[in-house]
Amino acid sequence: MKIAVGCDPNAGEFKRALIPVIEGLGHEVTDFGSEDPIYANVAIKAAEAVAAGEYDRGILFCGTGIGVMLAANKVKGAYAAVVGDVYSAQRACLSNNCNIITLGAQVTGIKNAEMIITEYLSHEYVYNERSGKKVDRILEYEEQH
């Protein structure tokens, strides 16, 4: 898969430590940067690329993961979830069809982040009776507004 990554300056070292993990799983990584102190700029740029289908998924980083999640979710077609554990990373894909996950460099240990990313990238969303109608409703609302 093609993966877009990006972060704010506070999470640059964290992101740089995790890019080899993503590449080691066989994915192609494009770094959207980390120098802009306005995290929303990087998050929006990466989310636009994911929503446009230029990238299969995105992984964004900031101090908590919350700010980049909020910014990414403002982009139509971007569905970002902040994740702090392996189960949430799995469900972000399988239950919610999230095309972006966000992680907090100041609240997530590096080994946990490695496991989260590995889990998230190892799954594909498959429409199903349990979650499909819920995801459909989100998409329906987005189209109406």
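Among the residues of the range 70-85 satisfying the criterion of being open to solvent by 50 Å² or more (accessible area, probe 1.4 Å) and under 13 Å from the mean Cα position of the chain (by Cα), which is nearest to N112 (Cα to Cα)? Let's see the steps before the verdict.
So in the range 70-85, the residues open to solvent by 50 Å² or more (accessible area, probe 1.4 Å) come out as 70, 73-74, 76, 79, 82, 85.
Checking which are under 13 Å from the mean Cα position of the chain (by Cα) leaves us with 70, 73, 79, 82.
Working: L70: 22, N73: 24, Y79: 22, V82: 14 Å.
Filtering first and then ranking leaves V82.
In the range 1-91, which strands (runs of 3 or more DSSP E) lie fully inside it and hold 2 or more residues that are closer than 30 Å to Q144 by Cα and small (G, A, S)? If you could, list the steps in order and put the result at the bottom.
Working: elements: 2-7, 28-31, 57-62, 80-82.
Per the criteria, 2-7, 80-82.
With C7, C98 as the choices, which residue is more than 23 Å from E142 (Cα to Cα), buried (at least 16 other Cβ atoms within 10 Å of the Cβ) and within 12 Å of the chain's Cα centre (by Cα)?
On the way: C98 fails: more than 23 Å from E142 (Cα to Cα).
After applying the criteria, what remains is C7.
Which of the residues belonging to the range 12-57 are aromatic (F, W, Y) and open to solvent by less than 30 Å² (accessible area, probe 1.4 Å)?
The first filter runs over the range 12-57 and keeps only residues aromatic (F, W, Y), leaving 14, 32, 39, 55.
Within the range 12-57, F14 is the sole residue that qualifies.
So, I110, is that one of a type in the set (V, I, T), in contact (Cβ under 8 Å) with a residue 60 or more places away in the chain and surrounded by 15 or more Cβ atoms within 10 Å (Cβ to Cβ) or not?
Values: of a type in the set (V, I, T): yes; in contact (Cβ under 8 Å) with a residue 60 or more places away in the chain: yes; surrounded by 15 or more Cβ atoms within 10 Å (Cβ to Cβ): no.
No: the conditions fail for I110.
Let's see how each residue does on (1) farther than 14 Å from G6 by Cβ; (2) touching a Lys or Arg at 6+ places or on another chain (Cβ under 9 Å); (3) among the polar types (S, T, N, Q); (4) free of Cβ contacts under 8 Å to residues at least 12 places away in the same chain:
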{"site": "G33", "(1), (2), (3), (4)": "no, yes, no, no"}
{"site": "I44", "(1), (2), (3), (4)": "no, yes, no, no"}
{"site": "F61", "(1), (2), (3), (4)": "no, yes, no, no"}
{"site": "N97", "(1), (2), (3), (4)": "yes, no, yes, no"}
{"site": "I101", "(1), (2), (3), (4)": "no, yes, no, no"}
{"site": "E124", "(1), (2), (3), (4)": "yes, no, no, no"}
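Give me the residue from the range 3-23 that is in contact with a helix residue (DSSP H, G or I) (Cβ under 9 Å, 6 or more places away or on another chain) and not hydrophobic (A, V, I, L, M, F, W, C) and, out of that set, nearest to C98 (Cα to Cα). Step through it out loud before you land on a result.
Keep residues of the range 3-23 that are in contact with a helix residue (DSSP H, G or I) (Cβ under 9 Å, 6 or more places away or on another chain), which gives 3-11, 14, 17-18, 21-22.
Retained after the next criterion (residues that are not hydrophobic (A, V, I, L, M, F, W, C)): 6, 8-10.
Numbers: G6: 17, D8: 21, P9: 24, N10: 24 Å.
Of everything passing the filter in the range 3-23, G6 is nearest to C98 (Cα to Cα).
Given the condition polar (S, T, N, Q) and over 14 Å from the mean Cα position of the chain (by Cα), answer yes or no: does some residue in the range 22-31 qualify? Spell out how you get there, then give the answer.
Taking the range 22-31 as the starting set, the residues that turn out to be polar (S, T, N, Q) are 30.
Checking which are over 14 Å from the mean Cα position of the chain (by Cα) leaves us with none.
Within the range 22-31 (the criterion being polar (S, T, N, Q) and over 14 Å from the mean Cα position of the chain (by Cα)), the answer is no, since none of the residues qualifies.
Just a yes or no: is a residue in the range 115-128 closer than 16 Å to R57 by Cβ, outside any loop (DSSP other than H, G, I, E, B), of a type in the set (S, T, N, Q) and open to solvent by 20 Å² or more (accessible area, probe 1.4 Å)?
Here is the first cut: in the range 115-128, the ones closer than 16 Å to R57 by Cβ are 116-126.
Imposing the further condition that a residue be outside any loop (DSSP other than H, G, I, E, B) reduces the set to 116-121.
Within this subset, residues satisfying the condition of being of a type in the set (S, T, N, Q) are 118.
The next check asks that each one be open to solvent by 20 Å² or more (accessible area, probe 1.4 Å); those that pass are 118.
Checked against the condition, which is being closer than 16 Å to R57 by Cβ, outside any loop (DSSP other than H, G, I, E, B), of a type in the set (S, T, N, Q) and open to solvent by 20 Å² or more (accessible area, probe 1.4 Å), the range 115-128 yields at least one hit.
For the range 19-34, give me the residue count where each residue is at pLDDT 95 or above and either under 17 Å from A72 (Cα atoms) or in contact with a Leu (Cβ under 8 Å, 6 or more places away or on another chain) (or both).
Of the residues in that region, 6 qualify.
Any idea which residue in the range 129-145 is most open to solvent (accessible area, probe 1.4 Å), counting only those that are part of a loop (DSSP other than H, G, I, E, B) and of a type in the set (D, E, K, R)?
Here is the first cut: in the range 129-145, the residues part of a loop (DSSP other than H, G, I, E, B) are 129-131, 145.
Subset that is of a type in the set (D, E, K, R): 129-130.
Working: E129: 135, R130: 177 Å².
Applying the filter and picking the extreme gives R130.
The values are calculated or read from the model by the stated rules, or taken from the named source; none is laboratory data. Note that the structure is a prediction, hence the values are computed from the model and not measured. Neighbour counts run over all protein chains shown; Cβ positions are idealised from the backbone, glycine included. Keep in mind that these areas ignore ligands, DNA and RNA; they rest on the heavy atoms of the full protein, side chains included. Shrake-Rupley method; radii C 1.70, N 1.55, O 1.52, S 1.80 Å.
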